[in-house]
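See structure below.
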Amino acid sequence: MSLDPTESAGAVLAGDAFDAAGAPSGGLAWQRVRAGQALPDGWSLVAERLISPVEAGDRAEPARLGDGGSCIERWLHAGPVQRAQQGCWTTARCADGWLATATLDETTEPGGLQAATERLYRELFGLLDAEAAAGRTWHLLKVWNYLADINGSDPADGQDGLERYRQFNVGRRLAYAQARRSADDRVPAACALGTHRGPLTVHVLAGPQPPVPVENPRQTRAYHYPSDYGPRSPIFARAALADLGGGREGLLISGTAAIVGHASLHAGRADKQSAALLDNLESVWLAAQIDARAPHRWADLALTLYLRDPADQPAVAEALARRFPADSPALRGSLYLHADVCRAELLVEVEAQQITRGA
C-alpha cells in the first residue's frame, strides 16, 4: 500500500497508488482520490462515495473540512461487476466483494428512526440470505452508519425522548435478532456518526470469508456495554481483519474515541481526547498484528477524523503529528470530516484502514 506524495489534481490521497508494478492481480483495492480522477488501467469501479465540503441533502454524509475540495473513496476490482437496485439498497457484486448503500427517510416510517434502522438492516440481511441461497455467501466486514442529529431526542418520535443513537441501536439489534444473526460473534467493524441533515444512510462492505474480529484490551467490547448507554448495546468489533481476495488483507478499524473500559474521558478537551483515542487506535493496531497475515504498518494507516467542532482541527492535527512520523502516509492522507460523535461528550473520533498483501 502506498501513497502518491504530491498534491496535484490527480493525486491519490490515500490507499492504493498503482503504477506499472501495480497491475491487477485479483482482490479488492481501495483509494481515496480527488473528485474526477480517472480509474487506473485495468481496474473497474465497484462502489464509490463522494465526500464534499457541503453536506448532501439526499443522504446523510459528513462534510469535508479544510480547503481540499471534494474527494471520492472508491473500491476497485479487476473483474466484472454486477449491479442491482433491491428495495432501499443499491448493490454491486464482484468475485471478491459485495458492496451496498441504502438511504431511508425516517419520517416516512411509522416508528421513526428505530423502525427505519430495523427496516434497512432487515432488508440487508434478506439480501445476504438471497445471495447465499444462490450459492454466494457474503460476510459483513465493515458497516458505515450516518444519521442526522445523532445525539438529539424528540418525544414526538414515539420513543419517550430516547437519544437517537440509542434508538438506532435498538433498531439494529432487533433486526439482528429477527434474522437470527449473532450480535457478538464475527460481527463487523463499524462506525456511527451524526450529520446535520439527510436521511439515514448505511454503507456496507462484505466479503466471501468471515472477518477475524479484533478487540481492544483497553476497552469493553461494544456489544457488552452496560445499560447505562441505552436499552440495547451497539454491535461491532473494534476492528476486523478482512480477506479481500488476491492475497490482499484489509485491516478495517472501527470508529475509535476517547473511551477506556466503557467510560468517556476528558469531556470538553479535544486535545486530551485526541491523545486518548490515538492510544486506543495504537492498541487495536497492535492487537491486529497477532492474527494478520502480513504486517500492517502504523505509519501507513489511512485515517478519517470526525470532528464535532471544526475549530478543534488544529488540536487534533497536533496530536496526530506527535504520534506519526513526519511526512508519513498517515499524516499526508488524513481526512477531516465534520460530524457528531455517538456520545454527546465526545468531540472527536477516528477510523482507519490499510490493505496489505499477505505473506
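A short reminder: the numbers here are calculations on the coordinates, not readings from a lab. In this text, all values refer to a predicted model and were calculated from it rather than measured experimentally. A quick note on method: Cβ atoms are made from the backbone with ideal geometry, for glycine too, and the neighbour counts reach across all protein chains shown.
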With runs of 4+ DSSP H residues as the only contributors, calculate the mean residue ellipticity of the chain at 222 nm using -39,500 (n - 2.57) per run, divided by the residue total and rounded to the nearest 500. -6500 deg cm²/dmol
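Once you have a ≥ b ≥ c as the square roots of the Cα gyration tensor eigenvalues for segment 22-150, tell me rounded if a/c is under 1.5, and otherwise prolate or oblate according to whether a/b is larger than b/c.
In terms of gyration-tensor shape, oblate.
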Between segment 184-251 and segment 32-77, how far is it from one alpha carbon centroid to the other, in angstrom? 22 Å
Note down the net charge around H203, summing +1 for each Lys or Arg and -1 for each Asp or Glu among other residues with Cβ under 11 Å from its Cβ. 0
Local charge sum around I235 (other residues, Cβ-Cβ under 10 Å, Lys/Arg +1, Asp/Glu -1)? +3
Convert each backbone phi in segment 256-273 into a coupling constant with the Karplus relation 6.51 cos²θ - 1.76 cosθ + 1.60 (shift: θ = phi - 60°), then list the ³J(HN,Hα) values in order as whole Hz, x for Gly and Pro. 10, 10, 7, 10, 10, x, 10, 9, 6, 10, 6, 4, x, 10, 5, 5, 6, 5
Normalised by the residues of segment 219-359, what does the relative contact order come to in percent, with Cα pairs under 8 Å and at least six apart? 31 percent
Calculating percent of Cα pairs over 37 Å apart from this structure picks out, from (i) 43; (ii) 35; (iii) 12, entry (iii)
Given Cβ charges of +1 for Lys and Arg and -1 for Asp and Glu, the option among A206, A257, L45 whose Cα lies farthest towards the positive end of the dipole of the chain is A206
Calculate one ³J(HN,Hα) per residue across segment 224-237 by plugging θ = phi - 60° into the Karplus curve 6.51 cos²θ - 1.76 cosθ + 1.60, and present them in order as whole Hz with x for glycine and proline. 10, 4, x, 5, 4, 9, x, x, 9, 7, x, 10, 6, 8
In nanometres, what is the gap between the two model label sites at A132 and A35, each 7 Å from Cα along Cα-to-Cβ? 3.9 nm
For segment 184-201, 3J(HN,Hα) per residue [Karplus equation, 6.51 cos²θ - 1.76 cosθ + 1.60, θ = phi - 60°, Hz, x = Gly/Pro]: 9, 9, 6, 6, x, 5, 6, 9, 9, 10, x, 10, 9, 6, x, x, 3, 10
Top mean-square fluctuation among P62, P210, P231, Gaussian network model of the chain, C-alpha springs under 10 Å? P231
Net dipole in debye of the chain [+1 Lys, Arg Cβ; -1 Asp, Glu Cβ; about Cα centre; nearest 20]: 700 debye
Mind ranking 305-312, 186-193 by how tightly packed they are, going by the mean number of other C-beta atoms within 10 angstrom, highest first? 186-193, 305-312
With a cut-off of 8 Å between alpha carbons and a minimum separation of six or more residues, what is the relative contact order of segment 144-292 in percent? 23 percent
